[in-house]
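Contents: one structure, followed by commentary.
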Amino acid sequence: MGLDVRLIADQTAARADEVRPQAGALRLVGAALRHNRKALAGAIILGLFVVVAIIPGILAPYDPHAQIFDQTLPPSGAHLLGTTGNGQDIFSQLIWGTRESLAIAIVAGLMATLLSVLIGVSSAYLGGSGDHVLSLLTDVFLVLPTLPLMIVLAAYARGGGLAVLIVVIVITGWSYGARQLRSQALSLRHREFLDAARSRGERGFYIITAEILPTMTSLIVANFLGAALYAVLAAAGLQFIGLGNPSDMSWGTMLFWAENNGALNAGSPLWAIVPGLCIALLGAAFALLNYAFDEISNPALRPVRRRR
Amino acid sequence: MRYLIRRLEFFVVTLWAAVTLNFILPRLLPGGPEVALRTRFHGRINPATVKSLEVALGIHSDQNLLQQYVSYLGNMLRGDFGVSLGFYPQRVSYVIMLALPWTLGLVGTATVIAFVLGTLIGIFGAWRRGGVLDSLLPPVFVVISAFPYFWVGLLTILIFAVTLGWFPQAFGSSSEVTSEFSWPYISDVVYHSILPAFTIVLTSIGGWILTMRNNMITTLAEDYIKMARAKGLSTSRIMFQYAARNAILPNLVGFAMSLGFVISGALLVEIVFNYPGLGTFLLQAVNNEDFSLMQALFFLITFAVLLAVLAADVLTAWLDPRTRERA
């Protein structure tokens, strides 16, 4: 609904001076939070993790790296989640690990979305052979199996640390969004407000950034959420098999060490369960927000009220 | 027909892109591939092995880049992936043939089960909007789809293998049972595959449910459904022959397109269960820095996914007359 209203407003007004992409995005998020319980749940989980990522030093009782405790202690007052097979405090590791996991999700998600917008929208705007080449590129990356590709890339760039991890995730994660954005931009191409802009003699760059992109805000936000979810899972997978930097503190590397120490059989199952649970919760937060966005932009999917 | 030719073009271009990536990546290593390989393996393996690795990666110091590229493409076309470093002196193709049947059996079966089950749940969910299936399952599976595949694998191991002891924790079969075509061996293999298959189905089914449900909802609003109801056709006939039949097409395409993601997730599940398939071998290749095996696996998995996509395209063109006209 909101989107349609804005489209009509843009068509009738077609004013160049009133461009507010950020305000539009914020308003959409606000509306989503007020009217949708899934969105609210997702936002609360995400908010909690953001707080933890900002102040881990206050929340964590011990140094996450210090191997100073007895090994595989069960949960107790001193160690809320017990200790690892190397004598580290699991709760402190979890708290400190939040920062890197969340940072990867947000940075890689933003970069992948940027790439999707660039390629998807220019593909639709160019048309013709430019569109053909860019769509082909998108489809190729869409179909290439992501994990083997990520593994090959990360294995060659081994030792590159966090930057390599993010680049690998962005390279493998942009294509889905680009495809969606292209089809929406295609459907906008012959709308009257764009014809109006063209007949005013506006340049292509202006039309894309000031006329097309603001109308696509909701899809772009949804894409970011999808890309962030992908980044959370991809980073966890890569770190789990040891392709991150194993001395970094993150949920994925915790799982790597837990698996390598046989945590499930060695009496410290929490070591493997809790970081995975946090990854799942963070992923679920992005997925719930995304799902809610889907319902908002496609009214047919909204839950029906049952008749009494 | 033009539709299929366009898809064939896509098939060839993607395959070429995968091969070219394999060719370029080792050449991006600092100092070029020869120097990088020699320093990386210095003292660990003999010069003959380094030589064979260079052959596998298409590195010939006496040729220019273009000649190397052409002969590399030729090798790939003939399926010649060279010698595996981790399983030296076995050839890469031999190592892959060891792993391939396991992955095909496990991932293939689990994916088909997830697709059929998910599509059916989607159909029934959309049919009874607001019912238990519709209001409960989609959000549940949205949340589950956000779980890392391998972590769900760890959880099922903890619950069903470590705690309850119902199923084995790892491997594709017991070491006591000889691998032959006999009932004890087959049942042992099936027994070992239940937990990993369950994990793959659980984590991948949500996507099928959601897309099928959403397609069904759109289709059910069409006029011909109202017409069918007005004619007094039976519920099951409207549901399957009128609605689901039209709603399943996007799911079919989506199925093919996301197969790469499903297989990627399934490879991680194999790793968790130490299942003797391609995923476990891929991890071993990474840990041994066995680049020839790693590249061959990437190429092969891409090829398999592309075949599935092509099959889905042919199926779509056959089922949906609109795709044939649109071209």
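Every number in this text was worked out from the coordinates using simple rules, so none of it is lab data. Computed from a predicted model, the values in this text were never measured in an experiment. No Cβ is skipped: glycine too gets one built from the backbone with ideal geometry, and neighbour counts run over all protein chains shown.
Using a 10 Å cut-off on Cβ atoms, rank the peptides A:252-263, B:262-273 from the highest mean neighbour count down.
On the way: A:252-263: 21.9, B:262-273: 26.7.
Answer by packing, highest mean first, reads B:262-273, A:252-263.
How many angstrom lie between the Cα centre of region B:210-256 and the Cα centre of region B:281-314?
Result: 36 Å between the Cα centres.
Quickly work out the A:H35-to-B:T163 label distance, labels modelled 7 Å from Cα along the C-beta direction, and quote it in nm with one decimal.
Result: 4.1 nm between the two label points.
With r as the distance between the Cβ atoms of A:R203 and B:L77 and R0 = 51 Å, compute the FRET efficiency 1/(1 + (r/R0)^6) and round to 0.05. Please list the in-between numbers first.
Numbers: r = 47 Å, r/R0 = 0.92.
That gives a FRET efficiency of 0.65.
Within region A:193-247, which trypsin sites (Lys or Arg not before Pro) sit in a loop by DSSP and count at most 11 neighbouring Cβ atoms inside 10 Å? Spell out each step's value before the answer.
Working: sites: A:R198, A:R200, A:R203; in loops: A:R200, A:R203.
When the trypsin sites (Lys or Arg not before Pro) of region A:193-247 are filtered for loop state and at most 11 Cβ neighbours within 10 Å, A:R200, A:R203 remain.
So the label point goes 7 Å from the Cα of A:S76 along Cα→C-beta, right? Which residues of region A:234-268 then have their backbone N under 18 Å from it?
Those under the cut-off are A:267-268.
Relative contact order, percent, of region B:99-289 when contacts are C-alpha pairs under 8 Å separated by at least 6 residues? Intermediate results must be reported in sequence, preceding the final value.
Working: 209 pairs, mean separation 68.1, N = 191.
Answer for region B:99-289 is 36 percent.
For region B:99-289, with the dipole built from +1 on Lys and Arg beta-carbon atoms and -1 on Asp and Glu ones, taken about the Cα centre, which of B:G108, B:I121, B:G279 lies farthest toward the positive end?
Farthest towards the positive pole: B:I121.
So if we plug the beta-carbon distance of A:L59 and B:A170 into 1/(1 + (r/R0)^6) with R0 = 41 Å, what FRET efficiency do we get, rounded to 0.05?
On the way: r = 36 Å, r/R0 = 0.88.
Working from the Cβ atoms, E equals 0.70.
So how much slack lies between B:I5 and B:N274, counting 0.36 nm per residue of separation and subtracting their Cα-Cα distance, in nm? Show your work: numbers first, answer last.
On the way: separation 269, 0.36 × 269 = 96.84 nm, distance 4.07 nm.
Between B:I5 and B:N274, full extension yields an extra 92.8 nm.
Sorted by mean Cβ packing within 10 Å, highest first, what order do the peptides A:181-193, B:145-157 take?
Numbers: A:181-193: 16.5, B:145-157: 24.2.
Packing order, densest peptide first, comes out as B:145-157, A:181-193.
How long is the gain from B:R237 to B:T20 if the chain were fully straight, where each residue apart is worth 0.36 nm and the alpha carbon distance is subtracted?
Numbers: separation 217, 0.36 × 217 = 78.12 nm, distance 4.98 nm.
Gain on stretching B:R237 to B:T20: 73.1 nm.
How many nm is it between the label spots at A:I44 and B:W318, if each spot is 7 Å from the Cα in line with the beta carbon?
Modelled inter-label distance: 5.1 nm.
What spacing in nm lies between the two simple spin-label points modelled at A:H132 and B:L65, each 7 Å away from Cα in the Cβ direction?
Going by the 7 Å Cα→Cβ label model, 2.7 nm.
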